[in-house]
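Asks: Dumping the structure here so I can ask a few things about it.
The values are calculated or read from the model by the stated rules, or taken from the named source; none is laboratory data. Note that the structure is predicted; figures quoted are calculated from it, not measured. With ideal geometry, Cβ positions are generated from the backbone for all residues, glycine too; neighbour counts draw on all protein chains shown.
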């Protein structure tokens, strides 16, 4: 891993922290407040690719664990990992890994729609795959009940997947990171 | 480093090495699941609260650790009440509160920088599996350095977008922030190499 | 002595430098030119951050293409934006970084950090968070971090561009008092007046190479 890789990894851990500064926005209809922060793993994966995206989110999780108040609302520390949303947080590195892998694989003919599709699988699929069982176990719910209670977050996750894909495609045009690696020019 | 949830006090718990605290938390946390009885669990919970006194953490801060997820305790309690009985519901909830308070106590009494030092001292073995610990240290330091920088750039960009009424648009803010910081990252990588980084 | 022999530099199809040959032996050398003239890329050639597409750059007999390690020990580099140069969250950690890379023992590092900080009266900032310093202080920390490694040459890429007038003067004084050979890329023509040599880049080539008074007069003439 080159110096540049390490710098990018650290940068996207910091970017994920910075999006936590955006105030949560209330969802239309349900009014459930949604934090923008879970766009972090989508951006890390789509912009940095699988390996660096994964490591950047892992680094972020470690920084939260050591007590830095980096989660939206200034939360951090070991206590976070006992909370109801711990499963969702722990999914972040895997989301970045998956989205990054798919984006790298289809890099040459990547389209906005494909990126949105990958991001949706990450933001809805992987995220809930880890988040729902955790929440169910913690609250003593069965999986169906937990899944129903997480439906409120689906519109927000879809919005974030689309936003992240727009951003990723724009970065791909003006400042591609994955490309440079595949064809090292300078 | 002032950043963090750390509460500075003079106490034996503050003076304990970070690694020992985490180890005790892991062992103690696991042991909590072996306790079968409500009364013992409440005693443990009381002992945890005493630990906060020992650490001289104000009651308000202790309560603040639990408050955001009180609704979960209520949910768990009600659910267990229906499936089992009051004693079991009480035990499950007090175990959870004790666990959460213990975890938070470690965070409240250990500066993040000390925690990171503790990590850095314990990753030497990773060399065996082909991971260079020096690179992990550099990544941790860089992330700490970047967090305030990225936050500052974000607020600058939002300021600029405010003039165009776009300060709440995630794309109009995130995109320039990402491009600017990626360019910065290239310079930083150059600066690191220029100072002879060779792990 | 730094020798640049028939160096060309291309990014993909874009030509940045074309067949440049220079021998740099003076103590104070200024590199001047408009944006995109290739002067920043030229500066990066001198410590191997950038390798020439054609030709060679040789520092005291070491080729930047082959002896990267020796080159980095010899040629320090100060970037335009100190925010991008200061790598660590706390000031003394940042100064220690380059010294650790030289594999010096901890007590020597400690001592050299103290020396480097006291040179510019920065000891009070030793344990400060890097991001809380002012622009001028950051640039001084960045320069101290490079000088602590005791290079023989210091390349400075527009070190005063982002600073206010007072800090520009301070950095100019600092550069003036360096024991090392300094090669400075700058737009700031005033503080180049007491340099030994001024080299002007335009369209990927050296167009003027003279003493400051002559070179700057011709440069200003060319611009108008």
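Asks: Among the candidates A:49, A:79, A:74, which residue alone is without any contact (Cβ under 8 Å) to a residue 12 or more places away in the chain and on the phi > 0 side of the Ramachandran plot?
Replies: Details: A:49 fails: without any contact (Cβ under 8 Å) to a residue 12 or more places away in the chain; A:79 fails: on the phi > 0 side of the Ramachandran plot.
Going through A:49, A:79, A:74 in turn, the sole match is A:74.
Asks: Continuing with the same structure: Determine which member of the set A:85, A:38 is more than 7 Å from chain B (Cβ to nearest Cβ) and surrounded by fewer than 22 Cβ atoms within 10 Å (Cβ to Cβ).
Replies: Details: A:38 fails: surrounded by fewer than 22 Cβ atoms within 10 Å (Cβ to Cβ).
Only one candidate passes the filter, namely A:85.
Asks: Let me ask something additional. Being under 30 Å from residue B:181 (Cβ atoms) and without any contact (Cβ under 8 Å) to a residue 12 or more places away in the chain narrows it down to one residue among C:67, C:63, C:12; which is it? Lay out the reasoning, then the answer.
Replies: Details: C:67 fails: under 30 Å from residue B:181 (Cβ atoms); C:63 fails: under 30 Å from residue B:181 (Cβ atoms).
Result: C:12 is the single residue among C:67, C:63, C:12 that is under 30 Å from residue B:181 (Cβ atoms) and without any contact (Cβ under 8 Å) to a residue 12 or more places away in the chain.
Yes/no per residue for (1) more than 14 Å from chain B (Cβ to nearest Cβ); (2) within 23 Å of residue C:196 (Cα to Cα); (3) modelled with pLDDT under 90:
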position	(1), (2), (3)
C:32	yes, yes, no
C:43	no, yes, no
C:55	yes, no, no
C:58	yes, yes, no
C:62	no, no, no
C:65	yes, no, no
C:85	no, no, no
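Asks: Another question, if that's okay. What residue, among those in region A:1-19 that are more than 7 Å from every other protein chain (Cβ to nearest Cβ), under 20 Å from residue B:131 (Cβ atoms) and under 19 Å from the mean Cα position of the chain (by Cα), is surrounded by the most Cβ atoms within 10 Å (Cβ to Cβ)?
Replies: A:12
Asks: Could you say which residue among B:141, B:94 is crowded, with 20+ Cβ neighbours inside 10 Å and closer than 25 Å to residue B:31 by Cα? Break it down into steps so the answer makes sense when it comes.
Replies: Details: B:141 fails: closer than 25 Å to residue B:31 by Cα.
Answer to the selection: B:94.
Asks: Here is a further query. What are the residue pairs meeting all of these: first residue in region B:42-69, first residue surrounded by fewer than 16 Cβ atoms within 10 Å (Cβ to Cβ), second residue not in a helix (DSSP H, G or I), Cβ atoms under 7 Å, and 6 or more apart or on different chains?
Replies: Listed pairs, sorted by first residue: B:54/B:11; B:56/B:9; B:56/B:11; B:61/B:7.
Asks: Right, something else. Can you give me the number of residues within region C:70-83 that are more than 7 Å from chain B (Cβ to nearest Cβ) and either in contact with a strand residue (DSSP E or B) (Cβ under 7 Å, 6 or more places away or on another chain) or closer than 20 Å to residue C:51 by Cβ (or both)?
Replies: Residues meeting the conditions: 7.
Asks: Identify, from the list C:80, C:70, the residue that is at pLDDT below 95, crowded, with 16+ Cβ neighbours inside 10 Å and in a helix (DSSP H, G or I). Talk me through it step by step, then tell me what you get.
Replies: Details: C:80 fails: in a helix (DSSP H, G or I).
Result: C:70 is the single residue among C:80, C:70 that is at pLDDT below 95, crowded, with 16+ Cβ neighbours inside 10 Å and in a helix (DSSP H, G or I).
Asks: Tell me which residues, restricted to region B:168-199, are more than 9 Å from chain A (Cβ to nearest Cβ), part of a loop (DSSP other than H, G, I, E, B) and either surrounded by 15 or more Cβ atoms within 10 Å (Cβ to Cβ) or in contact with a strand residue (DSSP E or B) (Cβ under 6 Å, 6 or more places away or on another chain) (or both).
Replies: Answer for region B:168-199, where residues must be more than 9 Å from chain A (Cβ to nearest Cβ), part of a loop (DSSP other than H, G, I, E, B) and either surrounded by 15 or more Cβ atoms within 10 Å (Cβ to Cβ) or in contact with a strand residue (DSSP E or B) (Cβ under 6 Å, 6 or more places away or on another chain) (or both): B:195, B:196.
Asks: May I ask you to list the residues in region C:2-25 that are under 17 Å from residue C:74 (Cα atoms) and either within 14 Å of chain A (Cβ to nearest Cβ) or surrounded by fewer than 13 Cβ atoms within 10 Å (Cβ to Cβ) (or both)? Can you show your working first?
Replies: Taking region C:2-25 first, the residues under 17 Å from residue C:74 (Cα atoms) are C:2-4, C:23-25.
Within region C:2-25, C:23, C:25 meet the criteria.
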